[in-house]
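> Before anything else, here's the structure in question.
Please treat every number below as a calculation from the coordinates, not as lab data. Note that the structure is predicted; figures quoted are calculated from it, not measured. No Cβ is skipped: glycine too gets one built from the backbone with ideal geometry, and neighbour counts run over all protein chains shown.
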Amino acid sequence: MPVPKEPSGILIASEYKFQQTLTLRHEPLGIFMNLRFERSMYSWLSRLHSGLVVVFFIMLSVSSVHRAHGDNTTEFAIANGELSLGAPDGWKRVQPRSRIVETEFAIKPIKPDDQPGRMTCMGAGGSVEANISRWYGQFSQPDGSATKDKAALKTLRIAGCKVTLIDISGTFKDMPGGPFAGGQSIDRPNYRMMAAIIETTDKGNYFIKFYGPAATVKASSKGFQKMIEGMVTTN
């Protein structure tokens, strides 16, 4: 019901005083309600902030642990992830030097060696025989004999694949930039290379080479063999 007004448009005095009284009586209640709301909102925001801080640090810790383990993982896959291998403990996974290398590990040298060992894995073409002959050509013998005559060669069946293992020693013609980068080769005496050629059924051939100073390779020779023989399918 509208409040009666005088012709001048001013509220009647009694009605005005009544409304003012209602306002004064309800004003403390309104202030109290506002204070309760503000305190409740502040408390809720504080709890939310604390929860977000906790979640942030948990995620940061998990991320750090993941990166630490991710950088040092020794497991890797070939053949589009269909075959999995686990490199020996202590091998450090590194960024491949060459674009054609899919996976690379660095192996800490064993005294008196000062050069680290290197393991590379890649998929490539060419026959098994042609690649083995090329590897023979990367080594020479101090007595001038043929490297082929001193190399060890055997074939295994692992995870449904034919695997050819080669073990070569001698003076290694190292090409730091890779076989297709050009440049001068470096003769490294008393080197050894253990390699495996994995023939998959429908993903082509994969070549895994582990080479370095003889003492360093010898220290991880059983680990390399275990890695190859322990290859499994991921299906």
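> A146 to S185: extension gain in nm, 0.36 nm per residue of separation minus the Cα-Cα distance?
Answer, rounded to one decimal: 12.1 nm.
> Ordered by residue, what ³J(HN,Hα) values in Hz, to whole numbers, does segment 123-128 give under the Karplus form 6.51 cos²θ - 1.76 cosθ + 1.60, where θ = phi - 60° and Gly and Pro are x?
These are the phi-based 3J(HN,Hα) values: x, 7, x, x, 6, 4 Hz.
> Counting other Cβ atoms within 10 Å of each Cβ, which trypsin sites (Lys or Arg not before Pro) in segment 100-195 have at most 11 and sit in a DSSP loop?
Sparse-neighbourhood loop trypsin sites (Lys or Arg not before Pro): none present.
> What's the extension gain from R157 to V232 if we count 0.36 nm per residue and subtract their Cα-Cα distance?
The span from R157 to V232 would gain 25.8 nm if fully extended.
> Return the lysines within reach of K222: Cα separation strictly under 28 angstrom, same-chain partners fewer than 8 residues apart disregarded; answer none if there are no such residues.
K92, K108, K111, K148, K150, K154, K162, K173, K203, K209
> Can you list residues from other chains, or at least 5 along the same chain, whose modelled amide H is less than 5 Å from the amide H of I158?
HN-HN under 5 Å from I158: V163.
> Pull up all non-local amide H partners of I110: gap of 5 or more, or a different chain, and H-to-H distance under 5 Å with H placed in the peptide plane.
Those qualifying (amide H under 5 Å, at least 5 residues apart or on another chain) are T216.
> From the phi of every residue in segment 97-114, what ³J(HN,Hα) in whole Hz does the Karplus formula 6.51 cos²θ - 1.76 cosθ + 1.60 yield, where θ is phi - 60° and glycine or proline is x?
Going residue by residue, I get 6, 10, 5, 7, 8, 8, 9, 9, 10, 10, 10, 4, x, 9, 4, x, 5, 10 Hz, with x marking Gly and Pro.
> Now a separate question. At 0.36 nm per residue, minus the direct Cα-Cα distance, what do T73 and S127 gain on full extension? Give it in nm, one decimal, please.
Roughly 16.3 nm would be gained on extension.
> Starting with the fewest neighbours, write out V128, V163, V217 ranked by other beta-carbon atoms found within 10 Å of each beta-carbon.
In increasing order of surrounding Cβ atoms, one gets V128, V163, V217.
> Would you please name the chymotrypsin sites (Phe, Trp or Tyr not before Pro) within segment 120-207 that are DSSP coil residues with at most 16 other C-beta atoms within 10 Å of their C-beta?
F180
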